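Peer 1: Take this structure first; my questions come after.
The values are calculated or read from the model by the stated rules, or taken from the named source; none is laboratory data. Keep in mind it's a predicted model, so treat the numbers as computed, not measured. Don't worry about glycine lacking a Cβ; one is built from the backbone with ideal geometry, like all the others, and counts go over all protein chains shown. Note: accessible area is taken over every heavy atom of the protein model, side chains too, but ligands, DNA and RNA are not part of it. Shrake-Rupley method; radii C 1.70, N 1.55, O 1.52, S 1.80 Å.
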Amino acid sequence: MSRKRTAILISGRGSNMSALISAAMAPDYPAQISLVLSNRPDAKGLERAAEFGIPTAVVDHTGFAGDRKAFEQAIDAVLNEHRIELVALAGFMRILTPFLVNEWAGRMINIHPALLPAFKGLATHERALAEGVKLHGATVHYVSAEMDDGPIIVQGAVPVRDQDTPDTLAARVLQVEHKIYPKALALVANGKAKIKGTQVISGADAEETRELIWP
Ligand code: GAR
């Protein structure tokens with residue numbers, strides 16, 4: 001089995017990155033983490049990746065004077081240098097232009113801390129609490145031109161408790177994120193998560209595409 005060479009793009013602490021790296025340590029996991037790239041030189045996740053022995057790279061967006069395409073061309077060049085086949089965005093906090101999205105169409109996935117299509121954008125936990133939803137969660141999806149859109153690969157749900165704050169809810173959602181991201185990357189790397197129109201037909205068992213945590 002050839003394991004798909006995968007880059008993880010981060011901007012911060014990289015807990016989802018660590019979950020993916022840990023999953024990919026299993027010999028039968030269909031992806032190998034070949035690069036961790038950050039747009040922020042001070043991202044904590046870079047240190048963690050280096051501790052795991054994963055090559056790291058920084059493409060600092062502040063060095064491109066607002067030229068987003070040039071920033072993305074620089075990222076694309078690093079990905080190609082490392083012969084990357086799949087890209088997993090894990091808390092990568094830059095909005096992408098059509099350039100990078102098109103270059104990696106069908107080969108780039110993202111995790112979003114909400115049950116899409118609800119709560120696209122930022123502050124998802126605050127907004128979920130403000131709306132009084134009873135279930136919240138996270139989604140891994142293929143990246144498309146629209147932000148937090150694109151065919152859904154795996155979703156995970158958690159209960160919202162009456163006494164939750166954005167922080168307690170975020171912590172519960174993070175647990176489910178760490179479960180669904182490795183599942184989703186595996187489905188993409190082993191070719192099961194096929195895009196059909198606006199949806200993913202995975203042919204996978206229900207458990208591989210859904211996660212419920214009821215702590
Ligand atoms: C995660 O909760 C991820 O879902 C979210 O950022 C956090 C990164 O945490 N992503 C987004 O909000 C993307 N719009 P991590 O660095 O510990 O993985």
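Each row is one residue, and each column tells you yes or no for (1) more than 14 Å from the ligand (Cβ to nearest atom); (2) under 27 Å from Lys179 (Cα atoms); (3) open to solvent by less than 20 Å² (accessible area, probe 1.4 Å).
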{"site": "Val36", "(1), (2), (3)": "no, yes, yes"}
{"site": "Phe52", "(1), (2), (3)": "yes, yes, no"}
{"site": "Thr56", "(1), (2), (3)": "yes, yes, no"}
{"site": "Asp60", "(1), (2), (3)": "yes, no, no"}
{"site": "Ala65", "(1), (2), (3)": "yes, no, no"}
{"site": "Gln73", "(1), (2), (3)": "yes, no, no"}
{"site": "Leu86", "(1), (2), (3)": "yes, yes, yes"}
{"site": "Phe92", "(1), (2), (3)": "no, yes, yes"}
{"site": "Ile95", "(1), (2), (3)": "no, yes, no"}
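Peer 1: Right, another one. Here are Ala114, Ala57, Ala157, Ala138: which of them is in contact with a Ser or Thr (Cβ under 8 Å, 6 or more places away or on another chain) and assigned to a strand (DSSP E or B)?
Peer 2: Among Ala114, Ala57, Ala157, Ala138, only Ala57 is in contact with a Ser or Thr (Cβ under 8 Å, 6 or more places away or on another chain) and assigned to a strand (DSSP E or B).
Peer 1: Right, next: Return the residue satisfying two criteria in turn: it lies in region 1-34 and is charged (D, E, K, R) and away from the ligand (no atom under 15 Å from the Cβ), and of such residues it is nearest to Ala193 (Cα to Cα).
Peer 2: Ranking the qualifying residues of region 1-34, first place goes to Lys4.
Peer 1: Let me ask something else. Answer yes if at least one residue in region 148-165 is within 12 Å of the ligand (Cβ to nearest atom), at pLDDT 95 or above and of a type in the set (S, T, N, Q), and no otherwise.
Peer 2: No; the residues of region 148-165 include none that is within 12 Å of the ligand (Cβ to nearest atom), at pLDDT 95 or above and of a type in the set (S, T, N, Q).
Peer 1: From the list His112, His125, which residue is under 21 Å from Thr6 (Cα atoms), open to solvent by less than 60 Å² (accessible area, probe 1.4 Å) and at pLDDT 95 or above?
Peer 2: Answer to the selection: His112.
Peer 1: Mind telling me which of the residues Gly63, Gly45 ends up being within 28 Å of Ala186 (Cβ to Cβ) and assigned to a helix (DSSP H, G or I)?
Peer 2: Gly45
Peer 1: Now, a different point. Consider region 175-210. How many of its residues are open to solvent by less than 30 Å² (accessible area, probe 1.4 Å) and in contact (Cβ under 8 Å) with a residue 40 or more places away in the chain?
Peer 2: Total meeting the criteria: 13.
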